[in-house]
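The values are calculated or read from the model by the stated rules, or taken from the named source; none is laboratory data. Everything quoted here is computed from the prediction, not taken from an experiment. Glycine gets a Cβ as well: all are built from the backbone with ideal geometry, and neighbour counts include every protein chain shown. To get the accessible areas, we keep the full protein, side chains included, count just its heavy atoms, and leave off ligands, DNA and RNA. Shrake-Rupley method; radii C 1.70, N 1.55, O 1.52, S 1.80 Å.
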Amino acid sequence: MRLCSIASGSSGNCIYVGSDATHLLVDVGISGKKAEAGLNSLGLAGCDIDGILVTHEHSDHIAGLGVLCRKYEIPIFATKGTIQAILKNGGKNAPEPSFFHEIEADSKLIIKDLAVSPMRISHDAAEPVAYRIGYGAKKVAVCTDLGVYNDYTVECLKGMDALLLEANHDVNMLQVGPYPYYLKQRILGNKGHLSNENAGRLLSRILHDNLKAIVLGHLSKENNMPELAYESVRMEITLGDCPYTAEDFPISVALRSEPSPVIEV
């Protein structure tokens with residue numbers, strides 16, 4: 001089973017998860033051309049994709065969705081609320097309704113040899129979800145765009161072999177940065193984005209001996225830096241109330257506009 005961030009950041013997100021037989025994308029928030037180039041770097045093509053899992057309707061997650069699914073007739077999986085929002089707001093670039101397959105949080109979906117388990121997240125979108133994807137006993141998760149986490153989030157993310165988790169912003173950078181007040185409040189709110197510190201705190205509650213890789217993703221271009229996210233998360237883990245230190249786990253930061261190294265579990 002493989003996990004690879006093709007692009008991850010506030011300007012566009014596209015994550016690959018697959019087995020030898022099944023190939024999925026989580027979101028296509030970059031151009032179809034860039035998504036295809038990313039797949040090519042993995043030895044794949046658009047025609048190999050068996051499905052696109054959409055987390056929510058914001059443009060940095062669906063910008064290239066219509067182009068890619070129409071070109072290769074790829075089925076799209078999303079919640080009812082997300083589908084309705086895409087069809088309502090997507091304009092001429094929205095995929096045709098026939099491409100969509102409705103899913104529900106906490107209801108497992110089987111796509112060939114992969115088991116997909118959507119989970120609820122708190123974000124200012126119609127009906128957003130994150131995804132856990134399993135292949136046999138192996139499990140990975142892609143969890144971004146959550147303003148707050150709770151016990152449900154923790155339970156959903158326990159036992160993963162690899163995890164891509166949002167570390168969107170540094171609170172101080174955001175507070176003194178150029179964003180207008182209302183946008184700062186949105187990002188900091190319970191339906192906004194996870195800060196570096198909160199990402200580290202969440203990780204401290206789900207770490208376990210068999211977690212093989214942690215990838216920090218969806219970094220803000222204006223309100224974060226890869227080195228800052230990395231060090232802040234590591235500090236929260238090491239100083240937090242858990243039996244581990246950051247040295248116990250391989251932690252990396254997803255690249256903004258090109259594929260990150262492939263993680264195999």
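Observations on the model:
- In the range 18-99, the GluC sites (Glu not before Pro) that fall in loop regions by DSSP, at most 15 other Cβ within 10 Å: E73
- Coil-residue chymotrypsin sites (Phe, Trp or Tyr not before Pro) of the range 151-227, DSSP, other Cβ within 10 Å capped at 12: none
- Per residue, the chain exposes 43 Å² of solvent-accessible protein surface, assessed with a 1.4 angstrom probe and all protein chains in place.
- Relative to one another, the C-alpha centroids of the range 72-121 and the range 212-265 are positioned 28 Å apart.
- Option label - Cα extents along the principal axes in Å computed here, alternatives (i) 56, 44, 35; (ii) 70, 68, 31; (iii) 49, 44, 32: (iii)
- Percent of beta bridges antiparallel (DSSP, the range 16-119, rounded to nearest 5): 40
- Accessible area of V215 in the full protein assembly, 1.4 Å probe (Å², nearest 10): 10
- Net charge of the neighbourhood of T144, taken over other residues with C-beta under 12 Å away and scored Lys/Arg +1, Asp/Glu -1, is -4.
- The distance separating the Cα centre of the range 136-193 from that of the range 1-64 comes to 20 Å.
- Summing charges over neighbours of Y16, with a neighbour being any other residue whose Cβ is under 11 Å away from its Cβ, gives -1 when K and R count +1 and D and E count -1.
- Rounded percent of accessible protein surface that carbon and sulfur make up, the chain, 1.4 Å probe: 50
- Net charge, I86 excluded, C-beta distance under 14 Å - Lys, Arg +1, Asp, Glu -1: -2
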